[in-house]
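Below you'll find the structure, written out as structure tokens, and then a few comments.
The values are calculated or read from the model by the stated rules, or taken from the named source; none is laboratory data. In this text the structure is predicted, and so the values were computed from the model without any measurement. With ideal geometry, Cβ positions are generated from the backbone for all residues, glycine too; neighbour counts draw on all protein chains shown. Side chains are part of the model used for accessible areas, which takes the heavy atoms of the whole protein and leaves out ligands, DNA and RNA. Shrake-Rupley method; radii C 1.70, N 1.55, O 1.52, S 1.80 Å.
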Amino acid sequence: MSAISQFIPRSVLRRLLARYPVSESARERARSRLIFATLTSPLRWAENLRWNRKIRQTEVKAPVFLLGFGRSGTTHLHYLFWQDPQFGVVSNYQASMQPVALIGNGWLPRLIGRSMPSTRPIDNVAISLDTPQEEEIAMVNSSEHAPLHFMTFPNELPELYDRYVCRLGSDAAVLDAWKQDYLRVLKKATILSEGRRLALKTPTNTARVRVLSEMFPDAKFVNIVRNPYRVYRSMRNMYRTVLPDQALQEFDWDEIDRWTLDAYSSMMSKYLDERKLLGDDRLVEIRYEDLVEHPIEELQKIYAALELGEFDRVRPIFEAYLATIADYETNEFDFPDEIVAAVNERWAFAFDAFGYERVEPGELPR
């Protein structure tokens, strides 16, 4: 599996490697990434020379932010919004190639497209260079101010992650640096999307409602939640699938599991506190299970509440897309007693907040 930050600028990578220790067993992997970053530096220089002025002049229209903790159905919702031609997205291509996405547009996708898998290894969702991707992948490929650098340096959790998520805004300098790099991602996405309004999905934005609403006073928000037991089980599976090929540090799985429990608690608690900043015309909350069971009705509710345009215009597009994924099956997991007990203890607030039924060890969640 390629590094999640394979196109990270050499200067950023060097700062991260100087700041965080690398395990002896991963030193060769770190050297390989540094060599690749060095070899691709001329492309980044050319991108900046050719496109910096255009990027500075580009206006980002008020986005639609799709919120939700990871593994809560955010990708499914994002793919649905992608079907509507009024919206642009951060594509998988841009996210992976953020520092060179404009100068490489056209020839670079042809070069790398054939080597890309057709589905995600964590859940078999179809992917291509054109499919939507979260902005955090673009950030981790271009900026040191990205929480997903914990995938490379997992022992720096939770401090590295929280600095740019739940504590973002507590330090003015950190906030300004993050804003600058995040806006650059959105401006490139706007250019690549030919000026369209962006539909953006990144789970960490769930704890950034205040910051994002201040940056974009006219932005709209959709928050999607899922049964907490299934969220935690799926997150554990995702990290066990992805982290071993990304990390440059040896780490303890028990620590990762504890942090996952902490991250959900802090992120969703902050969301529950900050959602009151948004009126009913700016925020819609849905459940993943309802979106799967009644997709057209849920989408119609979103479009009406957020005034996203005439729904009948896009209904046939959604129906056609939904027909293509009718046979998709989600991963099936077991639910050991210790997982049920951990969720009950640490995420008890979520059952009342989001309307899910609590079960006891030995019982299966619905």
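Six or more apart or on different chains, Cβ atoms under 7 Å: show the pairs whose first residue is in region 179-194 and among the charged types (D, E, K, R) and whose second is assigned to a loop (DSSP other than H, G, I, E, B).
Correct list of pairs: ASP181/SER142; ASP181/SER143; ASP181/HIS145; LYS187/THR58; LYS187/VAL60; LYS188/ALA101; LYS188/LEU102.
Filter the helices (runs of 4 or more DSSP H) completely within region 6-73 down to those with at least 1 residues that are closer than 20 Å to LEU157 by Cβ and open to solvent by less than 40 Å² (accessible area, probe 1.4 Å).
Once the helices (runs of 4 or more DSSP H) in region 6-73 are filtered for at least 1 residues that are closer than 20 Å to LEU157 by Cβ and open to solvent by less than 40 Å² (accessible area, probe 1.4 Å), what remains is 10-19, 27-39.
Taking interchain pairs and intrachain pairs at least six residues apart, which have beta carbon atoms under 9 angstrom, with the first residue in region 334-356 and touching a residue at least 60 places away in the same chain (Cβ under 8 Å) and the second of a type in the set (Gly, Ala, Ser) and not in a helix (DSSP H, G or I)?
Short answer, once both residue conditions are applied: VAL340/GLY362.
Which ones in region 310-325 are surrounded by 12 or more Cβ atoms within 10 Å (Cβ to Cβ) and of a type outside the set (Lys, Arg)? First the steps, then the outcome.
Residues of region 310-325 surrounded by 12 or more Cβ atoms within 10 Å (Cβ to Cβ): 311, 313-315, 317-319, 321-322, 325.
Passing the criteria: PHE311, VAL314, ILE317, PHE318, GLU319, TYR321, LEU322, ILE325.
Of all the residues that make up region 297-346, how many are farther than 27 Å from LYS220 by Cα and either in contact with a Phe, Trp or Tyr (Cβ under 7 Å, 6 or more places away or on another chain) or basic (Lys, Arg) (or both)?
So the count comes out to 5.
How about region 326-366: which of its residues are surrounded by 13 or more Cβ atoms within 10 Å (Cβ to Cβ) and of a type in the set (A, V, I, L, M)?
ILE339, VAL340, ALA342, VAL343, ALA348, ALA350, ALA353, VAL359
Could you list, in sequence order, all residues of region 292-348 that are over 28 Å from ASP262 (Cα atoms), part of a loop (DSSP other than H, G, I, E, B) and at pLDDT below 95?
ILE325, ALA326, ASP327, TYR328, GLU329
Can you pull out every residue in region 218-237 that is farther than 21 Å from PHE65 by Cα and touching a Gly at 6+ places or on another chain (Cβ under 7 Å)?
Selection gives MET235 alone.
Could you tell me which of the residues TYR321, TYR288 is more than 19 Å from PHE69 (Cβ to Cβ) and among the aromatic types (Phe, Trp, Tyr)?
TYR321
Can you name every one of the helices (runs of 4 or more DSSP H) wholly within region 168-255 that holds 3 or more residues which are at pLDDT below 95 and either open to solvent by 20 Å² or more (accessible area, probe 1.4 Å) or over 24 Å from PRO85 (Cβ atoms) (or both)? Give the derivation first.
Values: elements: 172-192, 209-215, 228-246.
Result: 228-246.
Quick one: VAL165 ticks every box in (1) part of a loop (DSSP other than H, G, I, E, B); (2) open to solvent by 20 Å² or more (accessible area, probe 1.4 Å); (3) in contact with a Ser or Thr (Cβ under 6 Å, 6 or more places away or on another chain) bar one, so which box is it?
Of everything listed in (1) part of a loop (DSSP other than H, G, I, E, B); (2) open to solvent by 20 Å² or more (accessible area, probe 1.4 Å); (3) in contact with a Ser or Thr (Cβ under 6 Å, 6 or more places away or on another chain), VAL165 misses just condition (2).
For region 80-95, check the following and say yes or no: at least one residue is touching a Phe, Trp or Tyr at 6+ places or on another chain (Cβ under 6 Å) and of a type in the set (Phe, Trp, Tyr).
Within region 80-95, one or more residues are touching a Phe, Trp or Tyr at 6+ places or on another chain (Cβ under 6 Å) and of a type in the set (Phe, Trp, Tyr).
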